[in-house]
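J.: Following this message is one structure expressed as structure tokens.
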Amino acid sequence: MGKTYDVIIIGSGPAGLTAGIYAKRAGLDAMIITNNPVDGGQIATTYEVDNYPGLPEMNGADLGTKFREHADKLGVEIVLDRVKAVSDGGAIKTVTGDRDVYEGKTIVICAGADHRKLGVPGETEHIGMGVSYCATCDGAFYRKKTVAVVGGGDVALEDAIFLSRFADKVYLIHRRDQFRGAAILVDQVKAIDKIEIVYDTVVDEIVGEEKVDHLLIRNVKSNVSTELPVNGVFMAVGIMPNADVFSGLADQDESGYFIAGEDCVTSTPGIFAAGDIRTKQLRQVITAASDGANSITSVSRYLQSL
């Protein structure tokens, strides 16, 4: 611990890196702390990002790299460390990591969100042995095999499309009779012969001796259970905020997201929340980047008021 920064940014996804870029351009003494050597947050494991303006069909890892290169070009200080605790001392906030302790006048939390677990028997036991939360990471392992995707949002639809490039058969299991994802993705899924949609169905158990062998699925309308032979299952049932280490710093909703508007201002002076970790309608790269910019505008106003 040495200097006191104007702002400490926690996280190196689109929100965090954008916040670093805007902080540097605003002349603030800023640093980014990240525990991930691969920048970009969730987009780093996204095969294709097709909704970021100006860069259609961009590989997620490449887009994350471009964010980082922009930050590096401006000389943003980025430290690799795992945050263990954050304390609000009023005028000075303290961030404790595995390697060091850091002080700042403000903190912007950009820690993002992580994949939600399905919570059924056999899930935890088979992680890495047929259970995956990242189709783009593990899809190639299932070439010419049979897989299932569980979920009904954009991620589930995108995962099914991606996996159809490798697998011989993709079951898309959704507990409702309509998808929540974008209509264009639904149309693409329905146009792929390899994908079979299983509506009104939930997974009750993931079964296999060493590797996943089959799923026990149940139709929620008929309550009839059946076995579905698969070599792997990909979970796409939502995300949860990475907020445990920050609990109590500011008001959070029932799901753990920090309550903050477009200005990223939380209930605690000098503490800001940007990106997927805050309450918001849409969690996408573009909204995370927007939060990063807005958060620094709010940080600047706060510092000017001191």
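J.: Which ones in the range 211-260 are of a type in the set (D, E, K, R) and either assigned by TED's automatic domain parsing to the domain that holds residue 283 or touching a His at 6+ places or on another chain (Cβ under 9 Å) (or both)?
T.: 211, 227, 244, 251, 253, 254
J.: Determine which member of the set 270, 248 is at positive phi and at pLDDT 95 or above.
T.: 270
J.: Has the range 247-255 got at least one residue that is within 14 Å of residue 112 (Cβ to Cβ), out of contact with any Phe, Trp or Tyr (no Cβ under 6 Å at 6 or more places or on another chain) and buried (at least 18 other Cβ atoms within 10 Å of the Cβ)?
T.: No, every residue in the range 247-255 fails to be within 14 Å of residue 112 (Cβ to Cβ), out of contact with any Phe, Trp or Tyr (no Cβ under 6 Å at 6 or more places or on another chain) and buried (at least 18 other Cβ atoms within 10 Å of the Cβ).
J.: Taking the range 215-263 as the search range and keeping residues that are among the small types (Gly, Ala, Ser) and touching a residue at least 40 places away in the same chain (Cβ under 8 Å), which one is farthest from residue 195 (Cα to Cα)?
T.: If we take residues in the range 215-263 being among the small types (Gly, Ala, Ser) and touching a residue at least 40 places away in the same chain (Cβ under 8 Å), then 243 is farthest from residue 195 (Cα to Cα).
J.: Looking only at the range 218-235, decide whether some residue is under 30 Å from residue 56 (Cβ atoms), surrounded by fewer than 18 Cβ atoms within 10 Å (Cβ to Cβ) and touching a strand residue (DSSP E or B) at 6+ places or on another chain (Cβ under 7 Å).
T.: No: the range 218-235 contains no residue that is under 30 Å from residue 56 (Cβ atoms), surrounded by fewer than 18 Cβ atoms within 10 Å (Cβ to Cβ) and touching a strand residue (DSSP E or B) at 6+ places or on another chain (Cβ under 7 Å).
J.: For residue 39, state whether it is among the charged types (D, E, K, R), modelled with pLDDT under 95 and in a loop (DSSP other than H, G, I, E, B).
T.: In short, yes.
J.: Ok, one more. Against the condition touching a Ser or Thr at 6+ places or on another chain (Cβ under 6 Å), of a type in the set (S, T, N, Q), modelled with pLDDT under 95 and outside any loop (DSSP other than H, G, I, E, B), how does residue 94 come out, does it pass?
T.: No; evaluated as a whole, the condition is false for this residue.
J.: Further, regarding this structure: Are any of the residues in the range 174-189 touching a strand residue (DSSP E or B) at 6+ places or on another chain (Cβ under 7 Å) and surrounded by fewer than 19 Cβ atoms within 10 Å (Cβ to Cβ)?
T.: Yes: one or more hits.
J.: Every residue in the range 140-156 that is within 20 Å of residue 186 (Cα to Cα) and not charged (D, E, K, R), please.
T.: Within the range 140-156, 147, 148, 149, 150, 151, 152, 153, 155, 156 meet the criteria.
J.: Can you pull out the residues in the range 155-206 that are of a type in the set (Val, Ile, Thr), under 22 Å from the mean Cα position of the chain (by Cα) and more than 19 Å from residue 46 (Cα to Cα)?
T.: Hit for the range 155-206 is 173, nothing else.
J.: Kindly state which strands (runs of 3 or more DSSP E) lie completely within the range 218-297 and contain at least 1 residues that are of a type in the set (Gly, Ala, Ser) and over 22 Å from residue 87 (Cβ atoms).
T.: Strands (runs of 3 or more DSSP E) meeting the threshold: 225-229, 232-235.
J.: Go through the range 1-35 and give me each residue that's assigned to a strand (DSSP E or B) and under 26 Å from the mean Cα position of the chain (by Cα).
T.: Correct list: 7, 8, 9, 10, 30, 31, 32, 33, 34.
J.: Filter the range 48-82 for residues that are under 17 Å from residue 36 (Cα atoms), among the basic types (Lys, Arg) and either free of Cβ contacts under 8 Å to residues at least 24 places away in the same chain or surrounded by 15 or more Cβ atoms within 10 Å (Cβ to Cβ) (or both) and give the result.
T.: Residues satisfying the conditions are 66, 68.
J.: Residues 85, 19, 113: which one is surrounded by fewer than 17 Cβ atoms within 10 Å (Cβ to Cβ), in contact with a strand residue (DSSP E or B) (Cβ under 7 Å, 6 or more places away or on another chain) and aliphatic (A, V, I, L, M)?
T.: 85
J.: Out of all the residues in the range 49-60, is one or more in contact with a helix residue (DSSP H, G or I) (Cβ under 7 Å, 6 or more places away or on another chain), acidic (Asp, Glu) and at pLDDT below 90?
T.: No, that holds for no residue.
J.: May I ask you to verify whether residue 29 is surrounded by 24 or more Cβ atoms within 10 Å (Cβ to Cβ) and in contact (Cβ under 8 Å) with a residue 24 or more places away in the chain?
T.: Here the answer is no, as residue 29 does not meet what is asked.
The values are calculated or read from the model by the stated rules, or taken from the named source; none is laboratory data. Everything quoted here is computed from the prediction, not taken from an experiment. With ideal geometry, Cβ positions are generated from the backbone for all residues, glycine too; neighbour counts draw on all protein chains shown.
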